[in-house]
1. Compute the distance from the alpha-carbon center of region 8-31 to that of region 35-85, in whole Å.
2. Points 7 angstrom from Cα along the Cβ direction at residue 106 and residue 175: gap in nanometres?
3. From zero up to wherever the largest Cα-Cα distance of the chain sits, split into 5 Å bins and tell me the percent of pairs in each.
4. Take the Cα of residue 13, step 7 Å along the line toward its Cβ, and report every residue of region 198-216 whose backbone nitrogen sits under 13 Å from that point.
5. Rounded to the nearest 500, what is the chain's calculated 222 nm mean residue ellipticity when only DSSP H runs of at least 4 contribute -39500 (n - 2.57) each, over all residues?
6. Suppose each label sits 7 Å from its Cα in the direction of the beta carbon; what would the residue 153-residue 116 distance come out to in nanometres?
Ligand SMILES: *Cc1c(COP(=O)(O)O)cnc(C)c1O
């Protein structure tokens, strides 16, 4: 399937931006995974992006993501779930999502106890309630809970930078919290941070997983 030229142009320009930021930070591009967030977009867009070499896709709502993943079952993709997760939906999500970025409370960990998903713990470093995330003070007990589940893999930490302040100190804070988690989970070295507007700052602070939507996909169709 041929991709629309503007889609290809946006993807190229974000790829160039990532590579500039990595070079400026003295980082290897191989250490950075770009997850293209396709929430609210049709499966056809995922196909176009796949044809342009994208393999990692992010979704935030189970009711959209599950049928999309099923429709695209012929492609080899890695699905990332980045949205807030209801406890009673967790097991369904784990059936198609390879990586879940939004684990923020113990009941979710318990619901996923049989799952072999890779997980990020989402940390709330903002002042906007309702966006999800565990408080920094509750992070270590939550990490210990995950470590206690034999099949789950704790990959690292995730955050969404608050819109009201400069993002970089938030990303630095997540990196520091990541170091403290590594004392109990040495393999949890990943940092999921950086979106369309702030990925360069995230790369400067060590992001390993960028979650980029609109800068690549263009505006989202209205949430339905
Ligand atoms: C939608 C979303 C993104 C992507 O946001 P953009 O600003 O479009 O890049 C990243 N992370 C999460 C958790 C999201 O819900």
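1. Going from one Cα centre to the other spans 22 Å.
2. Placing both labels 7 Å beyond Cα along the Cβ direction yields 3.3 nm.
3. Calculated P(r), rounded to whole percents: 1, 7, 15, 19, 20, 17, 12, 6, 1, 0.
4. Counting only backbone N, you get 214-216.
5. Values: 9 runs with 86 residues, N = 224.
Calculated mean residue ellipticity at 222 nm is -11000 deg cm²/dmol.
6. Once both label points are built, they end up 0.9 nm from each other.
None of the figures in this text is laboratory data; all of them are computed from the coordinates on show. The shown structure was predicted, so the numbers you read here are calculated from the model rather than taken from an experiment. Positions of Cβ are generated from backbone atoms using ideal geometry, with glycine treated the same way; all protein chains shown enter the neighbour counts.
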